[in-house]
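Asker: What follows is a structure written as C-alpha cells; I'll ask about it next.
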Amino acid sequence: MTGSLRIKGNEDAALAIFLLAASVAFCILVPLAWPLDPLRGDISATFKPPMTVVGDALHPLGTDQLGRDLLARLGLGTLVSFGIVLIAALISVVLGTALGMIAGYYGGWVDALIMRLVDIQLAVPFILLILLLVSVLGPSMTNLVIVLGLTGWAIFARVARGRTLEVRELEYIDASRAMGLSDTTIIFRHVLPNIIGPQTVLLTLDLPRLIILEASVGFLGLGVQPPMPTLGNLIGEGRSVILIANWLVLYPGLMIGALVIGCNLLGDWLVRRAESKVS
Amino acid sequence: MKGLRFLLSRAAQGLIVMFGVSALVFFALFLTGDPAVLMMAPDSTAAEIDAFREAMGFDDPIIVQYGRFLVDALQGDLGSSLRYSRPAMDLLAERLGATALLALSALLWSSLLGFLLGAIAAVRKNSPIDFAIRVISLLGQAVPVFWLALMLIILFSLNLRWLPSSGYGSLGHLVMPSLALGAYYLSAITRLVRSSLIETLGENYVRTARAKGLTEWRIVVRHALRNAMIPVVTLQGMYLASLMGGALVTEIIFAWPGIGRLAVEAIQNRDFPVVQAVVLFAALVFVVANFLVDVAYTWLNPRIRL
C-alpha cells in the first residue's frame, strides 16, 4: 500500500489527475472570479487576438465576433458541457447498472429482452439517434441531458450483467436466498457492491465518448443554443470566422483534448491496477 | 455444424435488432404527440396541418400505421422526402457512393498504419518508440473529428494552400476528410493491436518458435498476428457505429455530398422520412458488418463455438 501514493510508476495517473483537476478548477474559477462577461461583449473589441489589452481589460485568449472575452466564454462553456456530460453519465450508469443486474440476476426471457434492447441501442450510431431525438423534442439543455443519458446505458448494462452472472453463482448469494432475503435486498446489498468498482472504471472510460458526443451535437448547432457557450458550439461559431480568428476554434478544442486525455489516462490506469490486483 | 448454428443464431439476432430499430425510428416521431405538427413548417395553418395529417394517414390507429411502415420498408419504400418530394431511398442511393468512398478510404489507411504501429510498439515494448507511438494514439483519440478537421483546414488550406478546403471530385478533396476521419480509428487499432500482440507474444507456442531461433519479426508475422487479430476483428464491428457518426460530422465540415450531410440537412429541415431512412440504413450497415465480423471470427478461431 505504501507504494501506491508514490508518483514513480504512476506518471499516467499523476498526469490524468493534474489534467482533470486543472480543467475542473478552470471551469469553476473562471465563471466565479473572472471579471469579464461571457455573454455580453464590447463591440469596439471584436476579433482581438490572444493577449490583447483593450482599455483596461486584458483578453488572454482573445475575443470573438461580438467582442466577447474568449476566456470567460471558455470557462462557462466548459462548465456547461462538463455538467451536461456528468449528469448524462450518471443517468446512463444508474439505468444501465439496474437493467444489467436485473438481466443477469433473473435470466430467462427478462435477460433476453434486455440484451436485445442493448443490441438495438448499439446498432444505431449515437449521434444519429441523438440528433433524431433532439430534433423531435427541440434543442434545450434538459432535453440534451435526458437524451444523452438515455442513449448511453447499453454498455453499462452489458458489463453489469456479465458481472452479476458471476456473482450470482457465489455461495453467499445462495446463503442469502436460503435465509429468505428478498431478490431486491440481495441485488442491492450483495450484488451491487460487487459491481460498483468495474462500473466506475467503465464510467471513466465512457466519459470521453460523451464529451465528444456533446461537443459534436453542439458543433452541429443542435445542442445548447447560443449565446450560452458550450465546448461544441464555441467551435461551431468559430468555424465560420476561421480565416480571421483561428484562436476561437483552437482553444475550445485543446480544452476538450485535456478533458478526454485526462479521463482516458485515468481509466486505463484504473484498469491496469484492477488487473494487477487480480494477478 | 456448430459454427453454422452460431452464425444462424447471430443472423436471427440481427433481424430482431433491425425490427427494433424500425420501431425506434417510427415511434420517435410520436414522442411529441402529433407528427403532423412536427413535420409541418411552424407557420402552417390548422387547415394545412389537418390536410397533411390526412394525406399521411396519421389518423389511423398507430399500430396500423406501424404495420404499413414495416410492409413498405421491407419493399424498399421508406416514404418520400417532404422537401424534395422524391423517394427517400433515391436520395440515400445518390449519396451512398460518396460516404462509402470516405469511410472505406479512412478505414483502409488507418487499419494498415494501425497494424504496423501496433506491431512495432508490441515488439519494441517499453522502448522510446513504443512511448512515442503511445503518445500519438492517445492524442488521436483525444480530439473530436470536427476539431481535427478544422486544424487540418487551417494548416493545409489556409496556410500552406496545398489542398482544397471543401468539396468533392478529386483525390485532393479526399485527403483531409479521410485523414480527419481515420485519426481516431488509427489510435484505436494501434492500441488494440499492441495490447493483443503483447499478450499473444507471451504464449507458449511463441516461446517454442523463439527457441527454434526464428527472428522476432518472423514470429510476429507468421505466428502471432493471426491470433492477435481476434480481439481486433471483434471490436471492428463495435467501432463501425462511431465511424459512421464521425463520417457525419466530417461530411458537414468538408461539404462532402454523402449520407451524413443528407441526414443533418434532413434533421434541420424537419424532413423526417429521410431521417428515418438514414437511421435504418446506418443500423443495417452496422448489423451486416457485425455479422461479417462473426463470420471472420469463426474462421479465425475454429475453437470458438458459442
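Asker: Evaluate region B:86-109: report whether one residue or more is assigned to a loop (DSSP other than H, G, I, E, B) and farther than 30 Å from B:R191 by Cβ.
Answerer: Within region B:86-109 (the criterion being assigned to a loop (DSSP other than H, G, I, E, B) and farther than 30 Å from B:R191 by Cβ), the answer is yes, since at least one residue qualifies.
Asker: Does A:I114 satisfy being of a type outside the set (D, E), farther than 30 Å from B:R270 by Cβ and out of contact with any Cys (no Cβ under 8 Å at 6 or more places or on another chain)?
Answerer: Taking the combined requirement at face value, the residue satisfies it.
Asker: Looking only at region B:20-39, how many residues end up being over 19 Å from A:I130 (Cβ atoms) and free of Cβ contacts under 8 Å to residues at least 40 places away in the same chain?
Answerer: Looking only at that region, the number is 4.
Asker: So which residues in region B:8-37 are β-branched (V, I, T) and in a loop (DSSP other than H, G, I, E, B)?
Answerer: Across region B:8-37, the qualifying residue is only B:T32.
Asker: When you scan region B:233-251, do you find a residue that is over 14 Å from the mean Cα position of the chain (by Cα) and crowded, with 22+ Cβ neighbours inside 10 Å, even just one?
Answerer: no
Asker: Here's a check for you: in region B:258-306, which residue that is in contact with a Ser or Thr (Cβ under 6 Å, 6 or more places away or on another chain), at pLDDT 90 or above and assigned to a helix (DSSP H, G or I) is surrounded by the fewest Cβ atoms within 10 Å (Cβ to Cβ)?
Answerer: Going through the qualifying residues, I end up with B:V274.
Asker: Now for a separate question. Taking region B:43-82 only, how many residues are of a type in the set (S, T, N, Q), loosely packed, with under 10 Cβ neighbours inside 10 Å and either under 30 Å from the mean Cα position of the chain (by Cα) or on the phi > 0 side of the Ramachandran plot (or both)?
Answerer: 1
Asker: Could we say that B:A224 is more than 14 Å from every other protein chain (Cβ to nearest Cβ), in contact with a helix residue (DSSP H, G or I) (Cβ under 9 Å, 6 or more places away or on another chain), assigned to a helix (DSSP H, G or I) and surrounded by 22 or more Cβ atoms within 10 Å (Cβ to Cβ) here?
Answerer: yes
Asker: Do we have B:S9 as within 11 Å of another protein chain (Cβ to nearest Cβ) and within 24 Å of the chain's Cα centre (by Cα) here?
Answerer: no
Asker: For region B:145-167, enumerate the residues that are surrounded by fewer than 20 Cβ atoms within 10 Å (Cβ to Cβ) and outside any loop (DSSP other than H, G, I, E, B).
Answerer: Selection gives B:M151, B:I154, B:L155, B:F156, B:S157, B:L158, B:N159.
Asker: Of all residues in region A:239-259, which are touching a Pro at 6+ places or on another chain (Cβ under 9 Å), surrounded by fewer than 24 Cβ atoms within 10 Å (Cβ to Cβ) and more than 8 Å from chain B (Cβ to nearest Cβ)?
Answerer: Once the filter is applied, which keeps residues that are touching a Pro at 6+ places or on another chain (Cβ under 9 Å), surrounded by fewer than 24 Cβ atoms within 10 Å (Cβ to Cβ) and more than 8 Å from chain B (Cβ to nearest Cβ), region A:239-259 yields A:A245, A:W247, A:Y251.
Every residue, every condition in (1) within 20 Å of B:S80 (Cβ to Cβ); (2) within 14 Å of another protein chain (Cβ to nearest Cβ); (3) touching an Asp or Glu at 6+ places or on another chain (Cβ under 8 Å), yes or no:
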position	(1), (2), (3)
B:L31	no, yes, no
B:P42	no, yes, no
B:D50	yes, no, no
B:P61	no, no, no
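Asker: What residue, among those in region A:103-130 that are farther than 25 Å from B:F291 by Cβ and surrounded by fewer than 19 Cβ atoms within 10 Å (Cβ to Cβ), is farthest from the other protein chains (Cβ to nearest Cβ)?
Answerer: Taking the candidates together, the pick is A:Y106.
Asker: What number of residues within region A:227-238 are over 21 Å from the mean Cα position of the chain (by Cα) and surrounded by fewer than 21 Cβ atoms within 10 Å (Cβ to Cβ)?
Answerer: Number of matching residues: 1.
Asker: Quick check: is even one residue across region A:34-51 out of contact with any Ser or Thr (no Cβ under 9 Å at 6 or more places or on another chain), aromatic (F, W, Y) and in contact (Cβ under 8 Å) with a residue 40 or more places away in the chain?
Answerer: yes
Asker: Name the single residue that is nearest to A:G41 (Cα to Cα) among those in region A:222-231 being more than 8 Å from chain B (Cβ to nearest Cβ) and in contact (Cβ under 8 Å) with a residue 60 or more places away in the chain.
Answerer: Step by step, filter region A:222-231, then rank; the result is A:P227.
Asker: Tell me, which residue of region B:113-126 that is surrounded by fewer than 17 Cβ atoms within 10 Å (Cβ to Cβ) and modelled with pLDDT of 90 or more is nearest to B:G202 (Cα to Cα)?
Answerer: In this case the residue turns out to be B:L116.
Asker: Still on this structure, I have one more. Would you list the helices (runs of 4 or more DSSP H) that sit entirely within region A:79-175 and hold 1 or more residues that are modelled with pLDDT of 90 or more and under 21 Å from A:L203 (Cβ atoms)?
Answerer: A:108-123, A:141-150, A:153-168
Asker: Let me ask something additional. Can you say whether A:G262 is within 10 Å of chain B (Cβ to nearest Cβ), in a helix (DSSP H, G or I) and out of contact with any Ser or Thr (no Cβ under 9 Å at 6 or more places or on another chain), as far as the supplied structure shows?
Answerer: Considered against the rule, which asks whether it is within 10 Å of chain B (Cβ to nearest Cβ), in a helix (DSSP H, G or I) and out of contact with any Ser or Thr (no Cβ under 9 Å at 6 or more places or on another chain), A:G262 comes out as no.
Asker: Can you tell me which residues in region B:68-85 are of a type in the set (A, V, I, L, M), touching a residue at least 40 places away in the same chain (Cβ under 8 Å) and assigned to a helix (DSSP H, G or I)?
Answerer: Result: B:L70, B:A73.
Asker: Looking only at region A:41-49, decide whether some residue is touching a Leu at 6+ places or on another chain (Cβ under 8 Å) and of a type in the set (D, E, K, R).
Answerer: No.
Asker: List the number of the failed condition for B:A142; all other conditions in (1) at pLDDT 85 or above; (2) not in a loop (DSSP other than H, G, I, E, B); (3) not aromatic (F, W, Y) hold.
Answerer: All conditions pass for B:A142, except number (2).
Asker: Could you tell me which of the residues A:D174, A:D206, A:D183 is surrounded by fewer than 16 Cβ atoms within 10 Å (Cβ to Cβ), in contact (Cβ under 8 Å) with a residue 60 or more places away in the chain and acidic (D, E)?
Answerer: A:D183
Asker: So which of B:S85, B:S110 is among the polar types (S, T, N, Q) and surrounded by 15 or more Cβ atoms within 10 Å (Cβ to Cβ)?
Answerer: B:S110
Asker: Conditions: (1) at pLDDT below 90; (2) part of a helix (DSSP H, G or I); (3) of a type outside the set (S, T, N, Q); (4) crowded, with 16+ Cβ neighbours inside 10 Å. A:G3 meets all but one. Number of the miss?
Answerer: Of (1) at pLDDT below 90; (2) part of a helix (DSSP H, G or I); (3) of a type outside the set (S, T, N, Q); (4) crowded, with 16+ Cβ neighbours inside 10 Å, only one is false for A:G3: (4).
Asker: Just the residues that are farther than 27 Å from B:A103 by Cα, crowded, with 19+ Cβ neighbours inside 10 Å and among the β-branched types (V, I, T), please, taken from region B:180-205.
Answerer: B:T200
Asker: Follow-up. Condition first: more than 13 Å from every other protein chain (Cβ to nearest Cβ), surrounded by fewer than 19 Cβ atoms within 10 Å (Cβ to Cβ) and not polar (S, T, N, Q). Now tell me which residues in region B:127-144 satisfy that.
Answerer: B:P128, B:I129, B:D130, B:A132
The values are calculated or read from the model by the stated rules, or taken from the named source; none is laboratory data. All of these numbers come straight from a predicted model, not from anything done at the bench. Note: ideal-geometry Cβ built from the backbone for every residue, glycine included; neighbour counts use all protein chains shown.
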